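Just so you know, all these numbers are worked out from the coordinates, no wet-lab data involved. Quick caveat, the model's predicted, so the values are computed rather than measured. Virtual Cβ from ideal backbone geometry, glycine too; neighbours counted across all protein chains shown.
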Amino acid sequence: MPVISMFYGVIVLMYYFDNRKHHRPHIHVQYSDEEAVISIPEGDLMEGSLRRAKLKLVQAWIEIHQDELLVDWELAVNGKQVFKIDPLK
């Protein structure tokens, strides 16, 4: 489960071969004791929970980096090394 970015206490991960359960591009997000699955590029909360303020930050980050995220998604579902993406600043 490679960490692709971290910002404001949020850890963003993308798992390899992770297209079987949700069947669409997504990221896994951890913050404090919360975990969520969020779609790319829509930013929809697909599973779990995340504080509203942190969800808004993640959604803004997804919008800024959606092209890079989709490239990482293609790499990850094919079992290839993903690359880090700049954090939200």
Checklist entry - Among the residues of region 1-35, how many are touching a Pro at 6+ places or on another chain (Cβ under 8 Å) and assigned to a strand (DSSP E or B)? => result 4
Next on the checklist: Within region 65-83, take every residue that is of a type in the set (Val, Ile, Thr) and in a helix (DSSP H, G or I) and give me the one that is surrounded by the most Cβ atoms within 10 Å (Cβ to Cβ).
Outcome noted: VAL77
Next on the checklist: Yes or no: region 29-52 includes at least one residue that is at positive phi and free of Cβ contacts under 8 Å to residues at least 12 places away in the same chain.
Outcome noted: no
Next on the checklist: Given the criterion within 12 Å of the chain's Cα centre (by Cα), surrounded by fewer than 16 Cβ atoms within 10 Å (Cβ to Cβ) and not aromatic (Phe, Trp, Tyr), identify the matching residue among MET1, MET14.
Outcome noted: MET1
Checklist entry - Within region 17-53, how many residues are of a type in the set (A, V, I, L, M), closer than 20 Å to LYS89 by Cα and more than 11 Å from the chain's Cα centre (by Cα)? => result 2
Checklist outcome for this item: Log entry, pairs with first residue in region 5-20 being in contact (Cβ under 8 Å) with a residue 60 or more places away in the chain and among the hydroxyl-bearing types (Ser, Thr, Tyr), second being in a loop (DSSP other than H, G, I, E, B) and surrounded by fewer than 16 Cβ atoms within 10 Å (Cβ to Cβ), beta carbons closer than 6 Å, six or more apart or on different chains, reads SER5/PRO87; TYR15/MET1; TYR16/GLY79
Item to check | region 36-64 - residue that is in a helix (DSSP H, G or I) and of a type in the set (A, V, I, L, M) and, of those, farthest from LYS80 (Cα to Cα) | outcome: ALA53
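Name the residue that is farthest from HIS65 (Cα to Cα), counting only residues in region 17-46 that are hydroxyl-bearing (Ser, Thr, Tyr) and surrounded by 15 or more Cβ atoms within 10 Å (Cβ to Cβ).
So the first thing to find is which residues in region 17-46 are hydroxyl-bearing (Ser, Thr, Tyr), and the list is 31-32, 39.
Retained after the next criterion (residues that are surrounded by 15 or more Cβ atoms within 10 Å (Cβ to Cβ)): 31, 39.
Details: TYR31: 19, SER39: 13 Å.
If we take residues in region 17-46 being hydroxyl-bearing (Ser, Thr, Tyr) and surrounded by 15 or more Cβ atoms within 10 Å (Cβ to Cβ), then TYR31 is farthest from HIS65 (Cα to Cα).
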